[in-house]
Amino acid sequence: MTAEQNRLEQDRNREAYWRRWGPYLSDRQWGTVREDYSTDGRAWDYFPHEQARSRAYRWGEDGIAGISDNHQRLCFAIALWNGADPILKERLFGLSGPEGNHGEDVKEYYFYLDNTPSHAYMKYLYKYPQKAFPYQKLVAENQRRGYDEPEFELVDTGIFDHHEYFDVFVEYAKHSPEDILIQISIVNRAASAKTLHILPTVWFRNTWSWQSDSQKPILSHAANVIHASHPSLGNRWLYFENCHNVLFTENETNSQRLFGVKNHSPYVKDGINDYIIHGDQQAVNPSQTGTKAATHYQLEIGAGETQIIRLRLSDIPDLAEPLAEEFDTTLQLRQQEADEFYQFISANNLSADIRQVQRQAFAGLLWTKPEMLNLDTKLYIFG
């Protein structure tokens, strides 16, 4: 039995809950029937992408390369800003059904590179342009085209010409079922140095606005740690290092921006966006508490250079050296164990290329797990 199969056996026997944390965040929650309260059933119009950064979801959350616990109480994902976009890149952009000449379609480039059924090791790649993301151009050109014409894709805009983009690799490795190492590697593919703002973000799904008797969780900051306290999940600590600053707001709807109604809280869901993009110092909580928080890194990355950010989301308080040598050895071990698992379940007569295709296909299924129930069990049986 491989180490990965042993983890699945422990989880099945409820000896260790290896699958409590995983890729349970949607790539896109906006514009879906899950968040549709319209009287006419037009989900795309009721919750469009333009409102997603400002409006609290009810039934789920979304993010880029994100994870959460299995009840989606505490979430983690990355946000990015290239200095040119009009908004933070916090979630994937796409066309709604009525906007696309072939219907609904995500207009981004992201790749599920690796994953194991216990989610003890996961790897994701997002390609982020260095020029302003062409939101309006994508919508306008696809609306102009007819059903008999090809779709207008992101690469067709020329935004990736001259390799002016960042490769953002996100890896997760579980030291234990409740102790998750996070490594973010950013590669500048351009021929000159570029600046990137990256904001690893942690937040609670908003349940308190919908349930009057729900106790509100809280995030707070001390030294190089964000402390997350939730009434049912308990306590977690997000360890980090060498960030520019730590920003706090609330995962609350910005009713003033969307509906012209006074906000319940001075700090709202798009507060970090407004601080980074518009320099609004009043948009984040100076007391550094809230229900949404981000560590802000402003990186100057040379041509072809790779820079690495490390964090650790753990149930262990007061770790003395959370990002030291143990981090490297655990990450390497989980990568090795993933290799062993997929070597074991693959047919012996497959070429190395076909094995890699099969492995990445499994990774895609596991990363999109909210839509693929019981896939991990099927993979285990297949093995």
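Taken together, the values in this text are just the output of simple stated rules run on the coordinates, not laboratory data. Model, not experiment: these values are computed from the prediction. So basically every Cβ, Gly included, is an ideal-geometry build from the backbone, and we count neighbours across all protein chains shown.
Taking H placed 1.01 Å from N in the peptide plane, check which residues at least 5 places from residue 165 or on another chain put their amide H under 5 Å from its amide H.
130, 189, 190
Report the FRET efficiency, 1/(1 + (r/R0)^6), for residue 350 and residue 319, where r is their Cβ-Cβ distance and R0 is 45 Å, rounded to 0.05.
0.65
What's the exposure ranking of 328, 85, going from fewest to most Cβ atoms within 10 Å?
328, 85
With each pseudo-label sitting 7 Å past Cα toward Cβ, what's the residue 58-residue 156 distance in nm, one decimal?
3.7 nm
Using helices alone, I'd like the mean residue ellipticity at 222 nm for the chain: each DSSP H run of four-plus residues gives -39500 (n - 2.57), total over residue count, nearest 500.
Result for the chain: -6500 deg cm²/dmol, rounded to the nearest 500.
List, in order, the whole-Hz ³J(HN,Hα) value for each residue of region 268-280 obtained from phi through the Karplus relation with A = 6.51, B = -1.76, C = 1.60 and θ = phi - 60°; use x for Gly and Pro.
Each residue of region 268-280 in turn: 10, 4, 8, x, 5, 4, 5, 5, 6, 6, 10, x, 7 Hz.
Can you order the peptides 20-31, 276-287 by their average number of other Cβ atoms within 10 Å per residue, highest first?
By packing density, highest mean first, the sequence is 20-31, 276-287.
What is the chain's relative contact order, in percent, from Cα pairs under 8 angstrom and six or more apart in sequence?
So the answer I get is 19 percent.
Between residue 221 and residues 5 or more places away or on another chain, which pairs have amide H atoms under 5 Å apart, with H built 1.01 Å from N, and which residues are they?
Long-range HN contacts for residue 221: 227.
Hey, with R₀ at 22 Å, roughly what FRET efficiency would residue 259 and residue 281 work out to, going by the Cβ-Cβ distance, to 0.05?
Calculated value: 0.35.
Provide the gained length on full extension for the span residue 336 to residue 193, in nm with one decimal, where the gain is 0.36 nm per separating residue minus the Cα-Cα distance.
Answer, rounded to one decimal: 48.1 nm.
Using Cα-Cα distances under 8 Å and only pairs 6 or more residues apart, what relative contact order does region 116-275 have, in percent?
Across region 116-275, relative contact order equals 14 percent.
Can you tell me which of 354, 182, 309 moves the most in a GNM of the chain? Springs connect C-alpha atoms under 10 Å apart.
Judging by the Gaussian network model, the answer is 354.
How big is the equivalent ellipsoid of region 99-224 along its three axes, where each semi-axis is √(5λ) from the Cα gyration tensor, reported in whole Å from largest to smallest?
34, 23, 17
Per 10 Å bin, what is the whole-percent P(r) computed from every C-alpha pair distance within region 1-140?
It works out to 11, 34, 32, 16, 7, 0, in whole percents.
Residue 361: net charge of surrounding residues, Cβ under 12 Å, Lys/Arg +1, Asp/Glu -1, itself excluded?
+1
Please give me the summed charge of the neighbours of residue 346: other residues whose Cβ is under 10 Å from its Cβ, Lys and Arg +1, Asp and Glu -1.
After counting each charged neighbour, the total is +2.
How large is ³J(HN,Hα) for each residue in region 76-83, as worked out from phi by the Karplus curve 6.51 cos²θ - 1.76 cosθ + 1.60 (θ = phi - 60°), to whole Hz, x for Gly and Pro?
9, 7, 9, 10, 9, 8, 8, x
To the nearest 0.05, how large is the calculated FRET efficiency for residue 232 and residue 305 if R₀ is 45 Å and r is the Cβ-Cβ distance?
About 0.55, to the nearest 0.05.
Tell me, in nm to one decimal, what length is gained between residue 361 and residue 326 on full extension, where the rule is 0.36 nm per residue of separation less the Cα-Cα distance?
That works out to 9.6 nm of additional length.
Consider just the alpha-carbon atoms of region 116-170 and return their Rg together with their Dmax, both in angstrom.
15.7, 45
Gain in length, residue 145 to residue 84, computed as 0.36 nm per residue apart minus the alpha-carbon separation, to one decimal in nm?
So the extension gain works out to 19.2 nm.
Please list, in chain and number order, the residues 5+ apart from residue 26 or on another chain whose amide H is under 5 Å from its amide H, with Hs placed from the backbone.
61, 63
Where does the charge balance sit around residue 194 when Lys and Arg score +1, Asp and Glu -1, over other residues with C-beta under 10 Å from its C-beta?
-2
Could you give me the ³J(HN,Hα) list for region 115-125, computed from phi with Karplus coefficients 6.51, -1.76, 1.60 and θ = phi - 60°, whole Hz, x at Gly and Pro?
5, 10, x, 7, 6, 6, 9, 9, 9, 9, 10
Work out the P(r) tail for the chain: percent of alpha carbon pairs separated by more than 29 Å, whole number.
44 percent
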